[in-house]
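This report concerns only the one structure given below.
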């Protein structure tokens, strides 16, 4: 059945992204308004707004399954697109949509459940002869079982939440003494994040590359992959910069890994867009890690190099349409890099930086795409994730993409909150990154200083350092600077006083 209206059960840039494709397809869009963001940009992009501002429930608006279902029924909306995060990989939400005959734009609830549980997903990969790291075949009963498995497969090991994702509920144990503590930490984090403390264990690969393959499948058994994304630039398992294609893969390895990704999707009866994630070790051996049953934050780089609108394809698949292309039709053209611009203080360990965006400006070019949900005056709140925008840059090859990225980052600036723009500049200046020689340990091994400061920042820092030193000196000598409470102080005046 053709979809005529969609509720986007999400916010920010991904909500806007979905709305724009839906509008182009002639589909009416609905957005959810919350009291936490009553003037958010995504609300302006929607055709209709469903007001959740006045809520008596303790459940956050974008996690309130029954209220969302009720809103869809009340407004006679055909479909729901969950975006990413929130309820995107919640099998209960997908099942409720199925029960209410609401078109859920994504895979079936059974597939979401199977692939969301890491132990079940690994069983599916094992049955399809996809390489796996050594580890437990099921969840662990307790820390003692974790220790037994660790001793059997050898250290280091990694403990992972069975229902986890996004880097949560993961801890590395280097030796037997660390297993119990790491198990408890990871299990407690998993219980809070996913309401499930279950853990599994596997051999830890030190300094691998993180490679993921974009899958697209219809409801008629047709499945293709759209190439890979390199996701190794990350912090604490959180991706920061992604690119496609990966500088680590050649055509032969790409075909082998892509076929493995398709096999997993076939094995679980997948349809819609999804991502199969692998670890690639120094010997170019790859291992299945997990499958994400949703659209990914980094999907734009795939769109850039394939020319395929993934949101459009998700909608068409949900309508029951067949894919109009086969694997032989997929060609990766050029190179694309995505930079996540987050409201974070890089120099304080990437801590959130809240506040109002006074001014935001980004480059405009045929080779530059900016996906964002903020504009001048937008407020960065503590209620949602810290991502402000995604800067996606295209080039005819990786070298040209890097050049375009440097130009784009230079012209991208935000006033009012600290951001990860400085981090992006530092990565782009790194020699090994530019050569494509990096893995998931990049931050710790390559960027001992996780920031790049502009000349103006250095001058201001020097000024205030001199000023503080002068005041300390003043107090120590019992003297006074000949200025009015610090007004009109300049570095030159202080320098003269200190000589």
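A simple packing score, the average count of other Cβ atoms within 10 Å per residue, orders the peptides 225-237, 405-417 as 225-237, 405-417, with the highest score first. Seen against the Cα atoms of the chain and their longest principal axis, helix 398-411 is set at about 50 degrees.
For the pair residue 23 and residue 70, the difference between a 0.36 nm per residue extended length and the Cα-Cα distance amounts to 14.6 nm. Footprinting exposure proxy ranking of 431, 425, fewest other C-beta atoms within 10 angstrom first, gives 431, 425. Axis angle, to the nearest 10 degrees, between helix 455-477 and the longest C-alpha principal axis of the chain: 50 degrees. Of the peptides 124-130, 17-23, the ranking by mean beta-carbon count within 10 Å, highest at the top, reads 17-23, 124-130. Across q = 0.06, 0.08, 0.12, 0.13 Å⁻¹, the chain modelled as identical point scatterers on its alpha-carbon atoms has Debye log10 I(q)/I(0) values of -0.31, -0.54, -1.15, -1.34, in the order of the q list.
By the helix-only formula, in which each DSSP H run with n ≥ 4 contributes -39500 (n - 2.57) and the sum is divided by residues, the chain has a 222 nm mean residue ellipticity of -11000 deg cm²/dmol. When 428, 132 are sorted by how many other C-beta atoms sit within 10 angstrom of their C-beta, beginning with the fewest, the order is 132, 428. Taken as Cα centroids, region 360-387 and region 44-93 sit 23 Å apart, rounded to the nearest whole angstrom. Once you reduce region 1-36 and region 138-155 to the center of their Cα atoms, the two points are 45 Å from each other.
Packing, taken as the mean count of other beta carbons within 10 Å per residue, orders the peptides 6-12, 174-180 from highest to lowest as 6-12, 174-180. Rounded to the nearest 10 degrees, the inclination of helix 251-268 to the longest alpha-carbon principal axis of the chain is 60 degrees.
Throughout, read-outs are computed from the coordinates displayed, never taken from laboratory work. This structure is a prediction, so every number in the text was calculated from the model and none was measured. Don't worry about glycine lacking a Cβ; one is built from the backbone with ideal geometry, like all the others, and counts go over all protein chains shown.
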